[in-house]
Amino acid sequence: MAEYTFRPLEKRDLTMVKTWLAAPHWQEWWGKPDEETLHIEAHIDSISVEPFIIELDGAPIGYLQSYDPHMEDDHPYQDQPFGTLGIDLSNGEAALLHKGHGPRILDAFAQLMFSEGVPRLIIDPDPANRAAIRAYEKAGFIAFDTRTSEYGPALMMARDAPEA
């Protein structure tokens, strides 16, 4: 069985991430590669955002970042329970799309976070991103609201930790 791991993003990863950011499947939902790379680089030393490289059996296949909405002034998701983490995820290469990686990656990350005591994970895809929404649903995320964030419309989805 494939093993997904999450290692902290390092500066040496930025060239790879910038290449991913320029790919059409990223450009549909992310901004300009140069600007986004700078934002991602700033997260390396952030206290509110944790950037990760997703690895499959030791090889880098994507990017995931988690963030604590309670650590950012006026974050629109501060109404979520304390300890909630928001996440963003993108497969690196287009060849990895539509092969079931997204739900399995999210499930692996959720299990890891829940084992560390995180009570809830949220994700906020654009409502037009049907493929992402289907993947998130397969990973156990349930839609609970629609909002407009600084990035545009968002379908709010959550997965709660199993009760002990």
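The values are calculated or read from the model by the stated rules, or taken from the named source; none is laboratory data. On a predicted model such as this, the values are computed, not experimentally measured, just so you know. With ideal geometry, Cβ positions are generated from the backbone for all residues, glycine too; neighbour counts draw on all protein chains shown. All accessible areas refer to the heavy atoms of the entire protein, side chains included, with ligands and DNA or RNA removed. Shrake-Rupley method; radii C 1.70, N 1.55, O 1.52, S 1.80 Å.
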| query | Summing +1 for each Lys or Arg and -1 for each Asp or Glu, what net charge is found among the other residues whose Cβ lies under 13 Å from the Cβ of ILE122? | reply | -3
| request: Tally up the carbon and sulfur contribution to the accessible surface of region 41-164 as a whole percent, 1.4 Å probe, everything protein left in place. | output: 51 percent
| note | With +1 on the Cβ of every Lys and Arg and -1 on the Cβ of every Asp and Glu, the dipole magnitude of region 43-140 about its Cα centre, in debye rounded to the nearest 20, is 620 debye
| said: Under the rule that an exposed site lies in a DSSP loop and has at most 15 other Cβ atoms within 10 Å, name the longest stretch of the chain with no chymotrypsin sites (Phe, Trp or Tyr not before Pro) of that kind, not counting the sites themselves. | reply: 83-150
| message | From the helices alone, meaning DSSP H stretches of at least four residues, give me the mean residue ellipticity at 222 nm for the chain, per-run term -39500 (n - 2.57), in deg cm²/dmol to the nearest 500. | response | -8000 deg cm²/dmol
| request: Based solely on C-alpha atoms, express the radius of gyration and the Dmax of the chain in angstrom. | output: 14.9, 44
| For region 18-65, which GluC sites (Glu not before Pro) are both in a DSSP coil and crowded by at most 13 other Cβ atoms within 10 Å? | GLU28
